[in-house]
Amino acid sequence: MIRVEKLVKRFGDSVILDGIDLEIAQGEIIVVIGPSGTGKSTLLRCLNFLERPDSGRLKLGDLDLDVAAVNAKDMLAARRRTAFVFQNYALFANKTALENIAEGLIVVNRWPKKKAYARALEILERIGLASKANAYPASLSGGQQQRVGIGRAMAAKADIILFDEPTSSLDPEWVEEVLGLMKQLAAERQTMLVVTHEMSFARDVADRVIFMEGGRIVEQGPPSQLFNAPRDPRTQNFLRKVLATSSSGSISANNDALSVSE
Amino acid sequence: MNLLDINYMLELVPILLRYLPLTLGMAAAGMVLALMLSAGLAVIRVLRIPGLNAATMLFISFFRGTPLLVQLFLFYYGLPQVMSFLTTIDGITATIMGLTLHFSAYMAESIRAAIVGVDRSQTEAALSIGMTNGQLMRRIVLPQATRVAVPTLMNYFIDMIKATSLAFTLGVTELMGATQKEASGSFMYFESFVVVACIYWAIVELLAWFQRRLENRFNEAYRR
C-alpha cells in the first residue's frame, strides 16, 4: 500500500502541491486528470524524488518517510519502489532496447548480466518487441520507444508504476499501441498512477479518477461517477472543455452524459 | 638548377623520419596528460566545486589567453630563474608540460560542454530507476558525452602534433629541429621544408582517417 500525507511542493514562492493526501491500494489503477500546470506531473515526480517535496509523509510499503528529512539512502530506496514512465520516453540513448530494460537490474539490483538479460528478453516478449532487442532507441518509432520505456519500468518490479503523460509526445498513430500495453498491465493488476489527457483511457481502465487543480485534489471517484456526475463546478468546467475539443466517439457519449447531468 | 631536387628530398625522408618517434612521443605524452587534467577540470566546472571552480576558470583563462610559444619560453627559460629545482628542466619535459597545460585549457571546455550537453532526461531516467550519481555518470552521461567530445578532442590532438614543432625553439631536435639542421647544412631550404610539411600532413591525414572510423563506431547507436 502507498500513502501520501499532506505532500507540499513549492517552486520559489509558488505552491505547486498544496497538501496532497492520497492512498493507493495494491493493484489499483488511478488516473489523474486536470488542467496543465496544476501539479499532476509534479506529484508523480515527488513520489519518485525527481523533485524533492518540501514537506509531508510518504509511505511505500514498509518504507515510511518524512519527506523533509530523507537522506540519500531513503531516496534511492523510494526510487526503487516507484518506477517512472516519462512523457519523452527518456530511453538511454547509448543502450539497446534490451540493455535499457536490463540496466537497472544490473546496476541497481546487482543481478548478474546473464540473468538480467534473460529477464529483459522476457519483458521484451511481453511488450511485443523481442525482435528489436538489439535496436538502439534512435532506430525505434515513438510508440516502440515508449513501450521499451514501460518495459524498463516493469523490470524494476516496483510497488507502483508512475506514468507521466505517456502518450502526449506520440504521433497519433502510435498512441493506441502504448495505451494497449498499459491496458494489458492494468488487466494484470499492476498498481499504477497515470497522468494523462486520454479521457477514454481514464474511463475504460481506471478504478479511480482524480481531478486536480491548483495543486489540490478537487474531486475523486470511480470514472462512472466522475465523468457522468461530477460534483465540483471546477471538474464540470474542465470536463466540458476537454470533452468538447475531442472528436472521439467514446468521448461524445460522455459529453451527452455530461449535458444530461447538468 | 632544377626547381626541386627530388633526389635530395627522397634522401631526406628517412633521415627526418628518425625524429618522428620523438615528435609523436611528445604529442602522445602531452595528450594523455592533457586528457587526465582536462577531465578533472571539466568535472570541477560541471559540479561547480567551490574554490576549485574559480581557480579552474583562472587557469583556463590564462592558458587559453596566452600564446603557446610564450608559455614554453616561460617554462624553459623563465621558471628556472625563480624556482631553483627546475634548473635541470630539459626541452622535452618543458614542451610536454607546455602542451599539457595549454591544450587541457581548451579540452576542459569541450569536455564540460559535452557533459552539460547530454540531455537532462537521460539523468532523470537513470535517477528514476535508483542509480547513484556516480553510476549514472559512468554508465549513461560520460559514454554519451565521449561521443560528442571525440571529434573535438581528436582535432586538439592533431593540433598538438603540429605544435610539437615549437620544441625546436627550446633546442629540442625533433622533426622540425632536424629539418632546420639539415636545411642549413645543405642550403636546400625549400626542399627540406616541403618534405617536413608533407610528413606532418601525412601523419595528420592518417589520424583523420582513424578519427572517422572512431566516430562511425560511436555513432552506431544513433543511426535511424
Which members of the range A:88-99 meet the condition of being under 21 Å from the mean Cα position of the chain (by Cα) and facing another protein chain (nearest Cβ under 9 Å)? A:ASN88, A:TYR89, A:ALA90, A:LEU91, A:PHE92
Subset of the range A:140-166 that is buried (at least 24 other Cβ atoms within 10 Å of the Cβ) and either away from chain B (no Cβ under 14 Å) or touching an Asp or Glu at 6+ places or on another chain (Cβ under 8 Å) (or both) - its residue that is nearest to A:LEU50 (Cα to Cα): A:ARG152
B:ALA108 - would you say it is open to solvent by less than 20 Å² (accessible area, probe 1.4 Å), within 14 Å of chain A (Cβ to nearest Cβ) and within 20 Å of the chain's Cα centre (by Cα)? no
Looking at A:TYR117, A:TYR136, which is the one that is crowded, with 18+ Cβ neighbours inside 10 Å, more than 24 Å from A:GLU28 (Cα to Cα) and in contact with a Phe, Trp or Tyr (Cβ under 8 Å, 6 or more places away or on another chain)? A:TYR136
From B:LEU206, B:LEU166, B:LEU127, grab the single residue that is closer than 22 Å to B:ILE44 by Cα and open to solvent by 20 Å² or more (accessible area, probe 1.4 Å). B:LEU127
Contacts under 6 angstrom Cβ, first residue in the range B:122-144 being without any contact (Cβ under 8 Å) to a residue 12 or more places away in the chain and polar (S, T, N, Q), partner in a helix (DSSP H, G or I) and crowded, with 17+ Cβ neighbours inside 10 Å, 6 or more apart: B:GLN135/A:VAL107
Segments classed as strands (runs of 3 or more DSSP E), wholly inside the range A:4-104, with at least 1 members that are touching a strand residue (DSSP E or B) at 6+ places or on another chain (Cβ under 7 Å), touching a residue at least 12 places away in the same chain (Cβ under 8 Å) and surrounded by fewer than 17 Cβ atoms within 10 Å (Cβ to Cβ): A:14-24, A:55-60
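Rundown of residues vs (1) within 11 Å of chain B (Cβ to nearest Cβ); (2) aromatic (Phe, Trp, Tyr); (3) on the phi > 0 side of the Ramachandran plot, yes/no style:
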| residue | (1), (2), (3) |
| --- | --- |
| A:GLY104 | yes, no, no |
| A:TRP111 | no, yes, no |
| A:ALA116 | no, no, no |
| A:LEU129 | no, no, no |
Name the single residue that is nearest to the other protein chains (Cβ to nearest Cβ) among those in the range B:130-150 being open to solvent by 30 Å² or more (accessible area, probe 1.4 Å) and under 22 Å from the mean Cα position of the chain (by Cα). B:PRO143
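Residues that are at pLDDT 95 or above, under 19 Å from the mean Cα position of the chain (by Cα) and among the aromatic types (Phe, Trp, Tyr): which helices (runs of 4 or more DSSP H) entirely in the range A:167-262 hold 2 or more of them?
none
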Among the residues of the range B:65-101, the number that are farther than 21 Å from B:LEU20 by Cα and small (Gly, Ala, Ser) is 3
Which of the following residues is within 24 Å of B:SER165 (Cβ to Cβ) and without any contact (Cβ under 8 Å) to a residue 24 or more places away in the chain: B:PRO50, B:PRO21? B:PRO21
Run down B:LEU207, B:LEU153, B:LEU214 and say which single residue is within 30 Å of B:ASP5 (Cα to Cα), hydrophobic (A, V, I, L, M, F, W, C), in a helix (DSSP H, G or I) and away from chain A (no Cβ under 14 Å). B:LEU207
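The values are calculated or read from the model by the stated rules, or taken from the named source; none is laboratory data. Keep in mind the model is a prediction, meaning the values are calculated, not measured. Note: ideal-geometry Cβ built from the backbone for every residue, glycine included; neighbour counts use all protein chains shown. Remember, those area values only see protein heavy atoms, side chains included, never the ligands or the DNA or RNA. Shrake-Rupley method; radii C 1.70, N 1.55, O 1.52, S 1.80 Å.
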